[in-house]
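Below: one structure, written as structure tokens.
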Amino acid sequence: MTFWDWVVRLLQEYWPTFLWGAGTTLLMAVVGTIIGFLIGLLVAIVRTIPVSKSDPLLKRGVLKVLRGIFMVYIEVFRSTPMMVQAMVIYYGVFASLSSDYVLWVGMFVISINTGAYMSEIVRGGVISIDPGQTEGAQSIGMTHWQTMVHVVLPQAIRNILPSVGNEFVVNIKDSSVLSVITVSEVFFAMRMAAGAYVRFFEASVIACVIYFVMTFTVTRILRYIERRMDGPENYVIHGSQTVPAAELTVRQDLEGGEK
Amino acid sequence: MAETTARERVFDIHHLEKKFGENTVLRDINFTADKGEVVCIIGASGSGKSTLLRCINLLTEPTSGEILYHGRNIQDGSVPLSKYRAKVGMVFQQFNLFNNMTVLQNCVIGQMKVLKKNRADAEKSAKDFLERVGMLQYQEAKPKQLSGGQKQRVAIARALAMEPEVLLFDEPTSALDPEMVGEVLRVMRGLATTGLTMLVVTHEMAFARDVSHRVCFMENGVIAEDDTPEVIFTNPKNERTRAFLSRVLGN
Ligand SMILES: Nc1ncnc2c1ncn2[C@@H]1O[C@H](COP(=O)(O)OP(=O)(O)OP(=O)(O)O)[C@@H](O)[C@H]1O
Ligand SMILES: [Mg+2]
């Protein structure tokens, strides 16, 4: 049989396994990226809470402890491979659970792993926003939380969107290591299909194509979202004095294009 | 200037000191401001003018001394920081508008989040203030689409929309092209007659001379002279005030 014959044969017999695998991979990447992103936001907000000497001791103490925990968390999860993290967490913590739960364990692992990277990405995004805007918000009495939610994070998120998208793509691919705890994602499906006839080349080509289609689609969607977030480049002047009834659209030529 | 009516004291600052590490930027500042007073603060670059304003609304934490606002120490927790800052607004040299919001949203957000007004009321008063500074027709623009002078007028409207009792201005015209300075100063002159208490750090000597009730000359972290504009500009008692003025006025 030729290469193509084998591909067709494997697809015919294993397409539900591949499909299921693709769904699982996508689910883990989506959940991991979203929850990881939320973890990143939260960590960034807490890490940037300003403290002053006049704050109560308790607040300062709690913040100090939290920051210490975050630092350890980020360092540990960025300095060890996700595959090993998955094994430690699965066999160390969840081994007593029935294997029905591996998907949940997989999502848990990928989420906290992504959270560690996202914390650093969000922090970079927050730092990139001119502190003047934070002071502007403080000067009208906005709290740290309000300042972050309404002023800093919307801009920081726009700036880090490419990195977040990158994490998403990485998650689609790196979720393959979760097959080590028997999560039935694409890589797991591939090994099943390959093992049946010992056709590793054909099976891995199929897996490649599936991964490529998923990452390519996701990348396009993220580009689209980025463009949407930039908003209109024009604004309308209402009731201008020079053009009485006018709605005059002023083009903004000075700062066209991307940031 | 002999005031006939007893004024209400807004700020009473005693022995204020600010150090950045080893560097003492403010030393023993004693300063008062009454309700409705317009006080200009002048002085050479690096003399601590910005630091003083930033200490007053606690963007910078004083090292020692006390700042009394209506007799209450703003640092002892008796005045909630958020409420205090809503009452004591600030206009910055670099405008510091929220770049992710339109002009209107810039003036609405604080009213809704800090003053807890509903959107309709907040927008109505935001529009009133934008009208006052001549920026109503730009309500849909984003800050990056405006000129410096326009940005600063929006920043003033944003501060006014909180209906503050005091506004602190830190060189509001220093980052502007010369032809835009006038439009901002015009707005500020208008405000000076409304009973708003204003502390203005400025290099615009004509503004200080014509508009303020009092002028403070700062040097090396102290207020070296504090008097009426007539005295400061025509007959300063302090030799260094004289030297500074002749330097900046060029005679
Ligand atoms: N965050 C800071 N850390 C360390 N030093 C600072 C800080 N902010 C200000 N300084 C120092 O404090 C001194 C006074 O600064 P300040 O900005 O108050 O001066 P200024 O009178 O406003 O000057 P200018 O007219 O140039 O604005 C300067 O020597 C400055 O270097
Ligand atoms: Mg300054």
Completion exercise
Projected onto the charge dipole of chain A (unit charges on the beta-carbon of Lys, Arg, Asp and Glu, signs +1, +1, -1, -1), the Cα from A:Leu27, A:Val62, A:Ala207 with the largest positive-side position is that of A:Val62
Exercise for the section: Determine the dipole magnitude for chain A: charges of +1 sit on the beta-carbon of Lys and Arg, -1 on that of Asp and Glu, nothing else is charged, the reference point is the Cα centre, and the result goes in debye to the nearest 20. Expected result: 580
Completion exercise
Mean other chain Cβ within 10 Å across B:210-221 is 0
Exercise for the section: Would you work out which of B:Leu59, A:Phe37, A:Val51 lies farthest towards the positive end of the dipole of the protein assembly as shown, given +1 charges on the beta-carbon of Lys and Arg and -1 on that of Asp and Glu, about the Cα centre? Expected result: A:Phe37
Exercise for the section: Scan region A:1-32 for chymotrypsin sites (Phe, Trp or Tyr not before Pro) in coil per DSSP, keeping those whose Cβ has at most 11 other Cβ atoms within 10 Å, and list them by number. Expected result: none
Exercise for the section: With springs only between Cα atoms under 10 Å apart, run a GNM on chain A and tell me which of A:Pro56, A:Pro154, A:Pro162 wobbles the most. Expected result: A:Pro56
Practice task
Enter the mean number of other protein chain beta carbons within 10 Å of the beta carbon of each residue in B:135-147, as an integer.
Solution key: 4
Handout entry: Under 5 Å, built H, 5+ apart or other chain: amide partners of B:Gly43
Key = B:Met218
Problem - Solvent-accessible heavy-atom area per residue, rounded to whole Å², over chain A at 1.4 Å - result: 55
Practice task
Identify the trypsin sites (Lys or Arg not before Pro) of region B:76-183 meeting these criteria: DSSP loop state and at most 14 other C-beta atoms within 10 Å of the C-beta.
Solution key: B:Lys116
Handout entry: Charge context of A:Ile74, other residues only, Cβ under 13 angstrom, K/R +1, D/E -1
Key = +2
Practice task
Using amide H atoms built 1.01 Å from N in the peptide plane, name the residues 5+ places from B:Val222, or on other chains, whose amide H lies under 5 Å from its own.
Solution key: B:Arg27
Exercise for the section: Within 10 Å of each Cβ in peptide B:93-99, how many partner chain Cβ atoms are there on average? Round it to a whole number, please. Expected result: 6
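The values are calculated or read from the model by the stated rules, or taken from the named source; none is laboratory data. Computed from a predicted structure; not experimentally measured. All Cβ positions, even for glycine, are placed from backbone atoms using ideal geometry, and neighbour counts span all protein chains on display. Calculation scope for accessible area: heavy atoms of the full protein, side chains included, ligands and nucleic acids excluded. Shrake-Rupley method; radii C 1.70, N 1.55, O 1.52, S 1.80 Å.
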